[in-house]
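Here's the structure, in structure tokens; my notes come after.
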Amino acid sequence: MVDLGRALRSAGLEVLMWAGRETERDGIRAAGIELAPGELFAAATGEGAELEGLTGVLLLTGEDDFNALAATRLEGGVEGTVHRLRPPAGSQGVITPYAGGEVLFDPDLTGPEPARRHARGARVVTHRFDGALPAGHRTLFLVRDDGRLLPVTRTGGPAPRDVAVLLSG
């Protein structure tokens, strides 16, 4: 999701994106976001591999099993946490129900839902928190003044402070 990469970058974070499809890679390049080399995932999932300098990974593909498998393989190989999209309720993925990685967002923002909303015109935006969030927006992440990214997860989201990364609509 290139909009998310732009929003995180505008909130002061360094963003590195990876995509498997060339059209997605073209969109990342066009947005001026740093593109990870194509072999990054393969190298990162090798036995004992570590990704130095990565303080967190967000797995946001529309493929629940890919996200789950990648989360399982990447945990412990990055300096921070690994998060993945929540699979839809009742999904019967091969790997999804058994995988690691913290799931992102509220239960109604499962895997395909953010993409559906984006296709209908929703955008990812940032908002300096001033006591209230704009109506009709959903909090996805919070960015602290010290640069920490705090995803909203099933285990609870922090009280909004600093910059909120929101999904409009």
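The values are calculated or read from the model by the stated rules, or taken from the named source; none is laboratory data. Everything quoted here is computed from the prediction, not taken from an experiment. With ideal geometry, Cβ positions are generated from the backbone for all residues, glycine too; neighbour counts draw on all protein chains shown. For the accessible areas, the whole protein counts, side chains as well, though only heavy atoms, and no ligand, DNA or RNA atoms are used. Shrake-Rupley method; radii C 1.70, N 1.55, O 1.52, S 1.80 Å.
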| task | Please work out if Glu47 is at pLDDT below 80, open to solvent by 30 Å² or more (accessible area, probe 1.4 Å), among the charged types (D, E, K, R) and out of contact with any strand residue (DSSP E or B) (no Cβ under 9 Å at 6 or more places or on another chain). | result | yes
| What number of residues within the range 19-42 are at pLDDT 85 or above and either part of a helix (DSSP H, G or I) or open to solvent by 70 Å² or more (accessible area, probe 1.4 Å) (or both)? | 10
| note | Restricting attention to the range 90-106, the residues that are open to solvent by 20 Å² or more (accessible area, probe 1.4 Å) and modelled with pLDDT of 70 or more number exactly 2
| field | Residue list for the range 52-72, filter: surrounded by 15 or more Cβ atoms within 10 Å (Cβ to Cβ), of a type in the set (Val, Ile, Thr) and farther than 20 Å from Arg25 by Cα | value | Thr72
| query | Residue check: is Ala115 assigned to a loop (DSSP other than H, G, I, E, B) and either more than 22 Å from Ala11 (Cα to Cα) or at pLDDT below 85 (or both)? | reply | no
| query | Which residue pairs have Cβ atoms under 9 Å apart, sit 6 or more places apart or on different chains, and have a first residue in the range 17-42 that is under 17 Å from Thr61 (Cβ atoms) and a second that is at pLDDT below 90 and hydroxyl-bearing (Ser, Thr, Tyr)? | reply | Ala19/Thr61; Gly20/Thr61
